[in-house]
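Notes for the one structure printed next.
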């Protein structure tokens, strides 16, 4: 087992994003950088674990979100135009 921290990119213009990540990846942080239309997430991963799709949802205020048992709220971000968005981890597929 090799445990490391990896950085992944999510386009805030996409409502749903699937990212191939090792199974049981644990999201530890997310931030925007340089006011780009992306947010970055950092996850603790096992590099020997099988790769599976991990789903994320970007939602603005009043937009619907699919709440299920595996949904985790990761926080809120604000871009340079003061546009706020919320990031949800919808879990593994």
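The values are calculated or read from the model by the stated rules, or taken from the named source; none is laboratory data. Computed from a predicted model, the values in this text were never measured in an experiment. Positions of Cβ are backbone-derived with ideal geometry, glycine not excepted, and every protein chain shown enters the neighbour counts.
Observations on the model:
- When residue 14 is tested against (1) in contact (Cβ under 8 Å) with a residue 40 or more places away in the chain; (2) assigned to a strand (DSSP E or B); (3) more than 10 Å from the chain's Cα centre (by Cα), only condition (2) is not met.
- If the condition is being farther than 20 Å from residue 93 by Cα, outside any strand (DSSP E or B) and in contact (Cβ under 8 Å) with a residue 24 or more places away in the chain, then region 31-60 contributes 32, 35, 37, 60.
- Restricting 70, 4 to those that are modelled with pLDDT of 90 or more and either at positive phi or exposed (fewer than 12 other Cβ atoms within 10 Å of the Cβ) (or both) reduces the list to 4.
- Residue-level check: of (1) over 14 Å from residue 10 (Cβ atoms); (2) modelled with pLDDT under 90, residue 28 misses just (2).
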